[in-house]
Amino acid sequence: MPDDTPCLVDYDTAQALLTSALQTLLHDRVDTLPPLQACGRVLAEDVQARSPRPEADISAMDGYAFRAGEMQQAGGAGLPVRGYVAAGTRPAPLVAGAACEILTGARIPNGADCVVARERTALVGGRVVLAEGISARTGANIRWAGEEFEVGQCLLKRGTPLDWRHVPLLLDQGKTAVRVYRPLNVSVLANGAEFGCQAEDGRIELNTHMLEAMLRRETVHVTKQTSASDSPDELESALRRCVAQADVVVTTGGISVGQTDHVLPVLQRMGAGCLFRRVRMRPGKPMTVMRLGRTVVFCLPGNSGAAALCAQLFVVPFLVAMSGCVAHLQPRVPVMGRSDFAYAPPPDATCFLPVSVTGEGEETRFSLVPSVGASDIQCLTRASGVMRVDAGRAVQAGDRAELMLFSRLSM
């Protein structure tokens, strides 16, 4: 690695470096689409109200509109009906001492201040009379202009995932097109001769399948491939295919110091720069992030447990942010509880321990899930998430602790 590469950074520094890189990547990832086509995308702009809703005072039901005071004075004689107002028409002012028939959604005639439903009235000799027990109240059954929202009110914030609920709101405000973030293309690549069908001691490749299941969502398209070879040239060909089609590349394995660990040297040969090399954390210390042009390359360990943890802590929040849902990397809101066990971390590494959860509220307890190490995949199925233990800060049984729940990308 070049001399200026941040080597062996602590966990929080690694996250800060990723946040800084993120800010330069969001700006040109925007499309402008009609509201219906924008469903499933993430909004890339704030949407303010151009007009109030309702735009005018309108009737909330079919019935009769009149002045409440005049109906009260008329009593059982009622008011003569003069006029008819339907939605989409602009009514004349209400005649003094009269009522008019009105339909749901129609503008309230100037002068009227009350609507009574047709079924609560009787029409006698051309005059509308209120049914027994029904009174005329000022403002009754009228939807006032702007009662839902006023001009200039922020209706939707940047980062809102759009779905069917937002379509009528956008169209109501005359938004024929909105700015939304493009879906992300992610390529996941495993490498190693042990995955070849002719390998003497072959292995089933697990990590790309695990990572695809973890990362895919409506705004993240995931493809996967395996370079079943220890050849640097074949690995470079595979990486070039990934970079050509992806915004983010996730590799797994080949980043340690063995004779067949070629991922980092090959990326450097391709012109990639290093954001950071290794993190003071357990498991997942080899975790490295490279950048080739505008493509970010997450280099995860090959051990499945460590790869899963690094993907949860680094890749998932990065993709959420890149999708436009948040403007910067945000850790999941932790679950608070008490540790059922004692643990003494090393002085130089943040530890993430697999734990299960029992109880709730003040009675929430975290129990350590047994694990045989960074390659353990069974413990992932028994754990609810991981408990963070900072370097050099021992945890005693009964201490308050924070749990970071495992998550798919749609967090």
Of Thr208, Thr24, Thr226, the most mobile residue in a GNM of the chain (C-alpha springs, cutoff 10 Å) is Thr24
State the extension gain, in nm to one decimal, for the chain segment bounded by Asp62 and Asp348, taking 0.36 nm per residue of separation less the distance between their alpha-carbons.
95.6 nm
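Taking region 55-102 on its own, what percent of its Cα-Cα pair distances exceed 16 Å?
Details: 433 of 1128 pairs.
That tail contains 38 percent of the Cα-Cα pairs.
Please grab the % of Cα pairs in region 215-260 that end up more than 14 Å from each other.
55 percent
What does the charge count around Ala21 come to, taking other residues whose C-beta lies under 13 Å from its C-beta (Lys +1, Arg +1, Asp -1, Glu -1)? Could the numbers behind the result be given before it?
Values: positive: Arg291, Arg294; negative: Asp247.
Counting the neighbours of Ala21, the net charge comes to +1.
Using C-alpha positions alone, give me the convex hull volume of the chain per residue in cubic angstrom. Can you show the working numbers first?
Working: hull volume 80.7 nm³, N = 411.
In the chain, the Cα convex hull volume per residue is 196 Å³.
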Please report, for the Cα atoms of region 131-270, the Rg to one decimal and the Dmax as a whole number; what are they, in angstrom?
27.5, 94
Whole-number value, in Å³ per residue, for the convex hull of the alpha carbons of region 58-143 is 74 Å³
Using 7 Å Cα-to-Cβ label points, what is the Ala86/Val124 separation (nm, one decimal)?
3.0 nm
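Within a Cβ distance under 13 Å of Asp46, other residues only, what is the Lys/Arg minus Asp/Glu net charge?
+4
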Taking the Cβ-Cβ separation of Ala244 and Met336 as r and a Förster radius of 45 Å, what is the calculated FRET efficiency to the nearest 0.05?
0.50
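Rounded to the nearest angstrom and ordered from largest down, what semi-axes does the equivalent ellipsoid of region 335-405 get from its C-alpha gyration tensor (root of 5λ)?
Values: eigenvalues 63, 55, 16 Å².
One finds semi-axes of 18, 17, 9 Å for region 335-405.
Share of antiparallel DSSP beta bridges in the chain, in percent to the nearest 5?
Working: 53 of 81 bridges.
Approximately 65 percent, going by the DSSP bridge assignments.
Every number in this text was worked out from the coordinates using simple rules, so none of it is lab data. Note that this is a predicted model, so its numbers are computed, not measured. Cβ coordinates were reconstructed from backbone atoms using ideal geometry, including for glycine residues, and neighbour counts include every protein chain displayed.
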